[in-house]
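> Sharing a structure with you now.
Throughout, read-outs are computed from the coordinates displayed, never taken from laboratory work. This is a predicted model, so every value here is computed, not measured. Heads up, the Cβs are rebuilt from the backbone with ideal geometry, glycines too, and the neighbour counts pull from every protein chain shown.
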2 protein chains.
Amino acid sequence: MKIEYQPIGVIHSPFKKIEGMPIQPAGAANVRGTVEVFEAYRIGLKDLDGFSHIFLLYHFHRAQGFSLHVVPFMDSEARGLFSTRAPRRPNPIGLSVVRLHGIEAGVLHIENVDVLDGTPLLDIKPYVPEFDPRGEVRTGWLEEAWKTVSSRKSDHRFK
Amino acid sequence: MKIEYQPIGVIHSPFKKIEGMPIQPAGAANVRGTVEVFEAYRIGLKDLDGFSHIFLLYHFHRAQGFSLHVVPFMDSEARGLFSTRAPRRPNPIGLSVVRLHGIEAGVLHIENVDVLDGTPLLDIKPYVPEFDPRGEVRTGWLEEAWKTVSSRKSDHRFK
């Protein structure tokens, strides 16, 4: 079974190279960018400006192949790929929650962008905290590691 | 530009038909299911059992075509597609946060499943609340509508 998708837009950010990128939106606070939605899809943006935050789903276009064990940016030990957000995945789909500041002529002005400039956009979904889990949440190996995430930057290991 | 993905597994749930499905995980509390990860990808599951919640990304295999304006299950007014989670999207990718109870031989035991039985799995990512937005969150037309989401079920309109 093959699944075929097509970009519905392009994400623009200050990050022209993989090196030095923030690892996650938490490390990309105040980083501004835009999402250019292709004309054919723009009428689907109606009502989106009522949401302060949105999910972006995108294609990690620079990721080549995948490894099922990876040493994450935030760790020094090899972890199972699916317990990480590393870009080199069997299906290299990226997921970020960004702040939406406004929409003008099919261009979304966003903040907390942790995405490479030129990344193909696959989908936009509204972020709704009521759909998040309730109660206790455990985050495995990340429990310690995330505390330092905002101060770390990516390096060469995902090129 | 064409993007090609392949399923890495299959999601199993009690929902054999679209009618009567919960609309979101919030409406699927206590609904149990499993994710069968294909053998080739199983070593990537290492460390995942440390997480209490995970994102599932999947292909809405029963969605045909898309509409850029839709009347959501939770509303009576036509909304822009990207401000909804309706399955008929240009790239029909679904996103759910589910509770992870355990992993046995490549099978994930999950709860809060709002997915149709047999849905092709595209990716698994760890859920980490620290990556969620801080501060005020606005949720547009959903602000009122979500209050009733847990009591509503889907109907025929996405067939």
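> When you look at the Cβ of every residue in B:97-109, what mean number of other chain Cβ atoms sits within 10 Å?
1
> What is the spin-label model distance, in nm, from B:Asn30 to A:His109 if the labels are put 7 Å beyond Cα along the C-beta direction?
It works out to 4.7 nm between the two label points.
> Report the FRET efficiency, 1/(1 + (r/R0)^6), for A:Glu136 and B:His101, where r is their Cβ-Cβ distance and R0 is 22 Å, rounded to 0.05.
The value I calculate is 0.95.
> For A:Ser67, which inter-copy label distances result when the label point lies 7 Å beyond Cα on the Cα-to-Cβ vector, reported in nm to one decimal and in ascending order?
Computed spacing set for this position: 4.7 nm.
> With respect to the symmetry axis carrying chain B onto chain A, which residue of chain B exhibits the smallest Cβ distance to that axis, and what is the value in whole Å?
B:Glu4, 3
> Work from the charge dipole of the range A:1-89 (Cβ charges, +1 for Lys and Arg, -1 for Asp and Glu, about the Cα centre) and give the residue of A:Met74, A:Phe55, A:Val35 farthest towards its positive end.
The residue sitting farthest along the positive end of the dipole is A:Met74.
> Counting other C-beta atoms within 10 Å, and keeping those with at most 11, which DSSP coil GluC sites (Glu not before Pro) do you find in the range A:9-103? Numbers along the way, then the final one.
On the way: sites: A:Glu19, A:Glu36, A:Glu39, A:Glu77; in loops: A:Glu19, A:Glu77.
Hits after loop and neighbour filter: A:Glu77.
> Could you tell me whether the protein assembly as shown comes out rounded, prolate or oblate from its Cα gyration tensor? Rule is a ≥ b ≥ c as square roots of the eigenvalues, rounded for a/c under 1.5, then prolate if a/b exceeds b/c, otherwise oblate.
Values: a/c = 1.42, a/b = 1.09, b/c = 1.30.
Here the protein assembly as shown falls in the rounded category.
> Would you please calculate the Kirkwood hydrodynamic radius of the range B:7-110 over all C-alpha pairs and express it in Å, rounded to one decimal?
Final number for the Kirkwood radius of the range B:7-110 is 15.2 Å.
> Related question: Given chain B, what count of lysine pairs have C-alpha atoms under 29 Å apart, with each pair 8 or more places apart or on different chains?
Step by step, the pairs that qualify in chain B add up to 15.
> A further question on this structure: What FRET efficiency comes out for A:Glu144 versus A:His69 if R0 is 22 angstrom and r is the Cβ-Cβ distance? Round to the nearest 0.05.
So the FRET efficiency works out to roughly 0.70.
> Given the Cα-Cα distance of A:Phe38 and A:Asp117 and 0.36 nm per residue of separation, how much length would full extension add, in nm?
So the chain would gain 26.8 nm between A:Phe38 and A:Asp117.
> Put a label point 7 Å from Cα along the Cβ direction on A:Gly118, then list its distances to the equivalent points in the other copies in nm, shortest first.
In nanometres, ordered from closest: 4.2.
> Sticking with this one: At B:Gly106, label 7 Å along Cα→Cβ: distances to the other copies, nm, ascending?
4.4
> Can you tell me which of B:Ser52, B:Ser67, B:Ser76 moves the most in a GNM of chain B? Springs connect C-alpha atoms under 10 Å apart.
Among B:Ser52, B:Ser67, B:Ser76, the largest GNM mean-square fluctuation belongs to B:Ser76.
> Mind checking B:117-124 for the average number of partner chain beta-carbons within 10 Å of each residue's beta-carbon?
What the average comes to for B:117-124 is 3.
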